[in-house]
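Here is the structure we will look at, set down as structure tokens.
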Amino acid sequence: MVFTVACGGGGDDDGSNEPATSDGAATTDGSSAPSEEGEPVVGGTLRVGLEADVDGLNPTASALSVSGLTMAQAVFDPLFTFAADGTVVPYLAESMTPSADFTEWTLKLRAGVTFHDGTPFTVDAVIKQFEITRNDPLVGLAVRPYYPETDAVAKIDDLTMVFKPLEPSQYFPSALTAQLGYIASPTWLDALAADPTLEQQPVGTGPFQFDSRTEDSVTKFVRNEAWWGTDLVGPVYLDAIEFYPVPDADTRTELLLNGDLDIIHTTDTNQFETYREDTSLTLDISEDGEEYFLMINTAKAPFDDVRVRQALALATDRQGYYDLFNAGEGQLANQMFTPDSPYYNPDVTQEGNDPEGAAALVAEYCGENPVAEDGSALCTDGKVNMEYQWSGPSVLATRIADFYNENWSSLFNVTFDEKSQADHIQEAALGLYNVVGWRQFGAENPGDDRVWLECRNIGGISLNWPRYCSEERDALIKEIANPANPDERTGLLQQLVQNIHDSYAYIFMTHSSWAVVHTDKVHGQCDRIAPEGSPIVCSTNGRMYFHSTWLS
Amino acid sequence: MNTTTVPETEPFIETVGLKTHFRTPRGIARAVDGVTIQIRRGQSLGVVGESGSGKTVLSRSIMGLLPRNGVIREGSVRYRGEEIGNRTPKEMRSVWGREMAMIFQDPMTSLNPVMKVGKQVTESLRLHLGMNAAEASEVAEKIFRDVRIPEPSRRLNQYPHELSGGMRQRVMIAIAMACGPNMLFADEPTTALDVTVQAQILELLSEQIHDRNMSMLLVTHNLGVVAGYTDEIAVMYGGKVVERAPTKVLFDNVKMPYTEALLQSIPRLNQPSHSRLAMIPGRPPDLVNPPGGCRFAPRCAYARDLCRNEEPPLTIAETPDHTFACHFPVGSPEYLERKVEISRRAGSTGGDN
Amino acid sequence: MRYYVQRVALAILLLLAVSMLTFGALNVLGDPLFNILGPVAGDVNNPDSVKMIELAKREFSLDRPLPVRYAIWLSDFVRGDFGVTFSSTGQPPVSGVISERLPRTVTLVAMAQFFAILVSIPWALITASRAGKISDRISTLNAFFLVAMPNFALAVILKFVFSIKLGWMPLTFVADDPLSSRLFQMILPALTIGLPVAAVYQRLLRTDIITTLQQDFILLARTKGLSRTRILLVHALRPSLFSFITVVGLNTGALIGGSIVSETVFRIPGIGSTLVESVLRNDFPVVLAIVMIVASAFVIINLLVDFAYTLIDPRVRR
Amino acid sequence: MNTPNTNSGAETEVARKKLGFGFWLCVSWLGAMVFIALFTPLLPLKSPTANFLDPSQGRPPYSPSWKHWFGTDKDARDVFARTMHGARISLTVGFSAITAGFLVGGTIGVMSGYFRSWIDRVSSFVFVVLLSFPSLVLAILLTSLIERSLLTVSLVLGLLSIAPVGRLARAATLQYSEREFVLAARQIGAKDRHIIVKEILPNVAIPMSSLALLGMAVAVVAEGGLAFLGLSVEKGITWGGLIQLGSDASKTLEKAPWISFFPILMLFLTVLSLNFAGDRLRTFFDVKEMTL
């Protein structure tokens, strides 16, 4: 659940911001089957290159980006996780069973697990974390809207508890596969209240435990000898992991090639070719995770008028964008689903490349000489006045801005607004923008993308970034979540896709590609299995896991 | 070209028709314009003239210190019968310091301000005589004693600015004497010093000359200076030698009105040491386009048309070693006639200076 | 002695002014809260957020009036505590950031200065002794070229030629490499800064040496029969160094400016690149600290320059 | 004693005589640049922002060709057109910066040089303060705090040139306000304003003007530096920006050096010309070294 998300310092991704979702999706090119890489070797230190550093590693408060989640997943274990086949399977939890009407979920925890600091892992930990998270102004936004003010959770016994969300949902557990599912030591959480700097020294139950950390330099975790998972999912081979934040994609690649790093992640499609050429490298791309799109603030003139939003879409040269910035990787997006997804709606295509159509709409709109609340004209000499905002400075982001400007400038007076990343996200969250480039909808389980879509997520800080509220949409989402009609799910999701499209709040550009690359020293990256035995993906939208990793 | 005085012994150093011209934006400046002089071993010659008469250029071109380009040289310079006029600075290095040395006018600017005076003496010792540091400074100390520098050992380690003007000039002399050269060029060695010290320095100089049986060319604008310390005197004007005679002879029997003027302008101790040339009216000749005829004519009280039109030849006076270049020398009837007129005019105006 | 005291006093006065200026500018013109709180900072309707805002304001003492904050900051600063970075945790402390990165920049600037001097002195000596000759005119032209090449452009060219085409030099600076290889990685960045400066130095020193060569004492040295080389090195060089040293001193500032560019191009995490990053993150404590350090360095070096005179010119000794 | 101890005396004589061929070469280059800067929109150039995608050539950047003399950048934009447009901002900023600097700095300098007293003391101190930042540091500081338009960036750079220019103006004024004609004018009780305008300005202006070119060179470079760091005029095409675009990733620099090298060439030649011409002028007017 993240805003101040990394986007690699803006440098190497497509310059959009990228609110990492609390859930990861993953279908992968690389196989998830245990590989024939020979006998695993114990020992060694893995050096990981990340696209950014994080403020802290506190699941209840920190803004965890891909990098953050990667680090967190080494010290914390999620309650549940996605198996390679997309089903949600227990991990740190033992089971989760809904009541008949799906209004109550009973969580059973794994017995005999202890945190790195020796605190026993019990329901109290989970409840404490739930409450702290919910009260956090930021991270809480993903929780607050979905639970009643009081007794949202109840303790049965040390290992059993109940969640009572406001509405029935058939996929509740998938919400516990990432940040919200990372359980931290209650002792540590208490200590945090007194000394926030402890955020830098996370205490969880994970395969690795905190050793040392220098912000923006290196964070070191060492093997947790007493890891509960050893007998269930196999031993931890690595002695230690060192995370190095290297915001610049080129440098990151160079360091990997120099052998100064063992494994990195990146969204810089321009480099994929290089990786493929180098036989000593293994490349793992997750393609239909998040979508990159232009997000339009529908609460602010002139884009409160659907015609203007439509015009912007028509004026945009999506193909040109793909040719220039995707380097033949990934694919153009029409909607939040890829064609091979069961929920893909073939009737919904994202319009674009239609300057005439756009011109007509703009002419019509400006013909009415609209004015803003403050009386300022929204059109100047037949063009709509707008602002395109991005976080910078980033060469790529600026190139993209120039590209859009070239697309739009005949119909729109585009003002560029390069903001420091921080301000950029703030203005997006507070609805102070016209148009921004964005990335989300990465949820493996589309049901979990509701946090971006519903009216209830509009507020002072809004996760429904376009601030587009539609009763009909909310109803749909409710239905989708509703266990009563599992078989209608596909149809409903396709309607949702249609609804999202018709709102013209998003101009879908591409399905963004995440690559995880490692040298031939690194093995077992894809050998992870869940406690009940099903294999787990190698990586999730650039998020990496290391308990099965070993070095030759 | 004129070689009336034939020396009985081979001259130690001599120039024949030496010319040194500079290319300047305004044109060619004839700083030295055909000078012929000789100095015998152990003898000293005083070259006298106002500033701009070319005397300094003369001394420097004899020693070969002038830059190569921008300069036109003619005539020859012979040192111990050997032609050195056409040698390159590189070739001269063995001669400089070892055979010839020079003393400059202003010891303040001529001594390296950021180098201990001791080192400035020893470096040539080490270069030419191949001494090591210890020996060199020993010798240097001795030389300092010779030139009467008190507590020499301490002085060696001082910087020029820590010494008095007189001391500095003594250091200069010490530097010059260091490698025991045979030929010394002294360019206005006392001008920058106050009158009281001047005598001491000159004493010291001549004494050193005699002790070491050196030859010296002493350049000065002050006839008084050379009077007691040189065997011969050459008076220069506008790049030419206009009168030449043994010191005694010259003082007894001046021929050239210019020399006469210089004589009258010898400073008296009560006079400030710079106002003197004010007494010769007019300015030194322009070396780029000098006046026709006698170059002194424009300023000469006794000049006549002949002087302005025809350059006077170098003529021999009563004694064979006395030569001068003037149409109407001192004592000639025309000279006297004009003198009378002048004094009368002065009388009539009732003024007399 | 009194002279020294005055100079030092002036220097301190200067630094005070500089710090006030910077501190004022940064605090008046930017809202640091966001760096600490994220979007919450702007979410003034939500009581929880407001609570957090208040807390943060107190923690970073943003609720106090500007002069007070300045006083607090100053007293900490002189005690070597540069405050905390404006991040959610205030970690790492600014002094931490600085102490980690300053050494790199210092090394870089030192190397640059070293190269510049190493190149310029012989260059000046040779050209001065050949003043007016073809070789001299050519070198003057080269000097012009170097000076006209902005350091960021030069950086790109050097990188292209030596790192990419020839592959002699590494492309990236790796903070965790052994010292030796890090120094090696710093050569190009240092040249980037040093070369143009070398040209400036050469032009200056050349003129001064030529002037010196016209002094009487050089003529005297010649009459001693010393070789051209010895005259140049022993007699002409030292007295010509005064303005050279001043300029070398004054230029250190320019070098630091250059290191900003150089560090960015060659991706060296020194205070130069940090300054740029922090400025964009509105991480004012860091910016402030760096500006102050740079300015102090600047002022102090100028002091040292004055004092350095006494070393080379015995006449100034009092 | 009119003996030149080395020939360099003669050499400077010659230098002072004429400005020389090099000077006029530089001036004509600058002329060309100014022309381009003024008339870019009217010139028959490709659009600097259009993306000339050409599937037959595969993915951009395309190497220099008849179609694209300087090649194209990663976004298939014509480097030649962009470089020409780059001249515009770079020169405008450079020029207006130094103009601002001269107006303000010059005025302050002359005032403090003429009136001395507290004006002098205050301004001198302010100058010292301004000069105790490395100029780039100050520039970054200021530009990061403002909306970066053509105007503001020019102003910032102008501000930077105030101190050095001011110091020079002051020095020159001091020198002249001691001269007889000024003293005389004061004797006969002429108005200060009159003296400054009639007596001092003309004398100070000449040497200063010969330094304007050098100053402009500095300003152009400074602007380039800012642009290179992404801190110059937003949305503007500037040489610094172009260079950065082509060198940001070493891969780009390796595969398509032309993207940054042509702008570098233009910038280099321009700065060179400014320096050279300025330097010639300075020797011509015989003004002493200035350090901006």
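The values are calculated or read from the model by the stated rules, or taken from the named source; none is laboratory data. For clarity, every value in this text was computed on a predicted model and none was experimentally measured. No Cβ is skipped: glycine too gets one built from the backbone with ideal geometry, and neighbour counts run over all protein chains shown.
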Query - Of all residues in region D:158-178 being more than 11 Å from D:V110 (Cβ to Cβ) and among the charged types (D, E, K, R), the one that is surrounded by the fewest Cβ atoms within 10 Å (Cβ to Cβ) - result: D:E178
Query raised in the report: Consider A:A194 against the criteria (1) over 26 Å from A:Y91 (Cβ atoms); (2) in contact (Cβ under 8 Å) with a residue 40 or more places away in the chain; (3) surrounded by fewer than 18 Cβ atoms within 10 Å (Cβ to Cβ): it satisfies all of them except one. Which criterion is unmet?
Result: (2)
Requested in this report: Considering only region D:236-253, state which residues are β-branched (V, I, T), under 23 Å from the mean Cα position of the chain (by Cα) and more than 7 Å from every other protein chain (Cβ to nearest Cβ).
Outcome: D:I237, D:T238
Query raised in the report: Among the residues of region A:272-290, which ones are within 14 Å of another protein chain (Cβ to nearest Cβ) and buried (at least 24 other Cβ atoms within 10 Å of the Cβ)?
Result: none
Query raised in the report: Hey, does region A:444-461 have a residue that's within 21 Å of the chain's Cα centre (by Cα), on the phi > 0 side of the Ramachandran plot and modelled with pLDDT of 85 or more?
Result: no
Report summary line: B:M108 passes all but one of the listed conditions (1) without any contact (Cβ under 8 Å) to a residue 60 or more places away in the chain; (2) within 21 Å of B:E188 (Cα to Cα); (3) part of a helix (DSSP H, G or I); the exception is number (1)
Requested in this report: Scan region C:230-238 and give yes if some residue there is facing another protein chain (nearest Cβ under 9 Å), without any contact (Cβ under 8 Å) to a residue 40 or more places away in the chain, surrounded by 24 or more Cβ atoms within 10 Å (Cβ to Cβ) and under 30 Å from C:V156 (Cα atoms), otherwise no.
Outcome: no
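Can you pull out the residues in region D:74-123 that are in contact with a strand residue (DSSP E or B) (Cβ under 8 Å, 6 or more places away or on another chain) and not β-branched (V, I, T)? Show your work before the answer.
Of region D:74-123, the ones in contact with a strand residue (DSSP E or B) (Cβ under 8 Å, 6 or more places away or on another chain) are D:78-79.
Once the filter is applied, which keeps residues that are in contact with a strand residue (DSSP E or B) (Cβ under 8 Å, 6 or more places away or on another chain) and not β-branched (V, I, T), region D:74-123 yields only D:D78.
So which helices (runs of 4 or more DSSP H) are wholly in region A:214-315 and hold at least 2 residues that are in contact with a Pro (Cβ under 8 Å, 6 or more places away or on another chain)? Reasoning before the result, please.
Numbers: elements: A:230-233, A:249-258, A:272-277, A:306-315.
In region A:214-315, A:230-233, A:306-315 are the helices (runs of 4 or more DSSP H) which contain 2 or more residues that are in contact with a Pro (Cβ under 8 Å, 6 or more places away or on another chain).
Is there a residue in region B:68-78 that is within 12 Å of chain D (Cβ to nearest Cβ) and either touching a strand residue (DSSP E or B) at 6+ places or on another chain (Cβ under 8 Å) or among the hydrophobic types (A, V, I, L, M, F, W, C) (or both)? Step through it out loud before you land on a result.
First, pick out the residues of region B:68-78 that are within 12 Å of chain D (Cβ to nearest Cβ): B:68-71.
From what is left, the residues that are either touching a strand residue (DSSP E or B) at 6+ places or on another chain (Cβ under 8 Å) or among the hydrophobic types (A, V, I, L, M, F, W, C) (or both) are B:70-71.
For region B:68-78, residues within 12 Å of chain D (Cβ to nearest Cβ) and either touching a strand residue (DSSP E or B) at 6+ places or on another chain (Cβ under 8 Å) or among the hydrophobic types (A, V, I, L, M, F, W, C) (or both): present.
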**Report entry** Matching option when the condition is within 11 Å of chain D (Cβ to nearest Cβ), β-branched (V, I, T) and in contact with a helix residue (DSSP H, G or I) (Cβ under 6 Å, 6 or more places away or on another chain), among A:V348, A:V414, A:V362
**Finding:** A:V414
Requested in this report: Identify all residues within region A:412-470 that are closer than 27 Å to A:S174 by Cα and basic (K, R); write none if there are none.
Outcome: A:R439, A:R450, A:R456, A:R467
Report task. Quick one: count up the residues across region A:361-392 that are among the acidic types (D, E) and within 38 Å of the chain's Cα centre (by Cα). Result -> 3
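Name the residue, out of A:D231, A:D262, A:D190, that is within 27 Å of the chain's Cα centre (by Cα) and not hydroxyl-bearing (S, T, Y). Outline the logic, then answer.
Numbers: A:D231 fails: within 27 Å of the chain's Cα centre (by Cα); A:D190 fails: within 27 Å of the chain's Cα centre (by Cα).
From the options A:D231, A:D262, A:D190, the qualifying one is A:D262.
Taking the stated definitions as given, is D:G86 within 14 Å of another protein chain (Cβ to nearest Cβ) and surrounded by 21 or more Cβ atoms within 10 Å (Cβ to Cβ)? Give the steps one after another, and end with the answer.
Working: within 14 Å of another protein chain (Cβ to nearest Cβ): yes; surrounded by 21 or more Cβ atoms within 10 Å (Cβ to Cβ): yes.
Taking the combined requirement at face value, the residue satisfies it.
Name every residue in region A:55-67 that is over 18 Å from A:N135 (Cβ atoms) and either surrounded by fewer than 24 Cβ atoms within 10 Å (Cβ to Cβ) or more than 12 Å from chain C (Cβ to nearest Cβ) (or both), in order of residue number. Please lay out each step first, then the result.
Quick first cut of region A:55-67, residues over 18 Å from A:N135 (Cβ atoms) only: A:55, A:57, A:65-67.
Once the filter is applied, which keeps residues that are over 18 Å from A:N135 (Cβ atoms) and either surrounded by fewer than 24 Cβ atoms within 10 Å (Cβ to Cβ) or more than 12 Å from chain C (Cβ to nearest Cβ) (or both), region A:55-67 yields A:D55, A:S65, A:V66, A:S67.
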Report summary line: Requiring at least 3 residues that are within 27 Å of C:I271 (Cβ to Cβ) and within 14 Å of chain C (Cβ to nearest Cβ), the helices (runs of 4 or more DSSP H) wholly within region D:99-189 are D:117-131, D:135-145, D:150-177
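So which of B:S44, B:S51 is in contact with a Ser or Thr (Cβ under 6 Å, 6 or more places away or on another chain) and either hydroxyl-bearing (S, T, Y) or within 11 Å of chain C (Cβ to nearest Cβ) (or both)? Please lay out each step first, then the result.
Numbers: B:S51 fails: in contact with a Ser or Thr (Cβ under 6 Å, 6 or more places away or on another chain).
Selected residue: B:S44, the only one of B:S44, B:S51 that is in contact with a Ser or Thr (Cβ under 6 Å, 6 or more places away or on another chain) and either hydroxyl-bearing (S, T, Y) or within 11 Å of chain C (Cβ to nearest Cβ) (or both).
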Report task. Please verify whether region D:145-157 includes one or more residues that are touching a helix residue (DSSP H, G or I) at 6+ places or on another chain (Cβ under 8 Å), within 27 Å of C:V247 (Cβ to Cβ), surrounded by fewer than 24 Cβ atoms within 10 Å (Cβ to Cβ) and in contact (Cβ under 8 Å) with a residue 12 or more places away in the chain. Result -> no
Query - Residue that is surrounded by the most Cβ atoms within 10 Å (Cβ to Cβ) [pool: residues in region D:21-54 that are β-branched (V, I, T) and more than 14 Å from chain A (Cβ to nearest Cβ)] - result: D:I36
Requested in this report: For region A:540-551, indicate whether the set of residues that are modelled with pLDDT under 95, surrounded by fewer than 22 Cβ atoms within 10 Å (Cβ to Cβ) and under 23 Å from the mean Cα position of the chain (by Cα) is non-empty.
Outcome: yes
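For B:L111, state whether it is facing another protein chain (nearest Cβ under 8 Å), crowded, with 16+ Cβ neighbours inside 10 Å, more than 27 Å from B:F12 (Cβ to Cβ) and modelled with pLDDT of 85 or more.
Numbers: facing another protein chain (nearest Cβ under 8 Å): yes; crowded, with 16+ Cβ neighbours inside 10 Å: yes; more than 27 Å from B:F12 (Cβ to Cβ): yes; modelled with pLDDT of 85 or more: yes.
For B:L111, the condition - facing another protein chain (nearest Cβ under 8 Å), crowded, with 16+ Cβ neighbours inside 10 Å, more than 27 Å from B:F12 (Cβ to Cβ) and modelled with pLDDT of 85 or more - is met.
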Report task. Tell me, yes or no, whether region C:101-118 has at least one residue that is buried (at least 21 other Cβ atoms within 10 Å of the Cβ) and within 14 Å of chain A (Cβ to nearest Cβ). Result -> yes
Query raised in the report: If we scan region C:297-317, do we find a residue that is more than 11 Å from chain D (Cβ to nearest Cβ), in contact with a Pro (Cβ under 7 Å, 6 or more places away or on another chain), more than 30 Å from C:D81 (Cβ to Cβ) and surrounded by fewer than 18 Cβ atoms within 10 Å (Cβ to Cβ)?
Result: yes
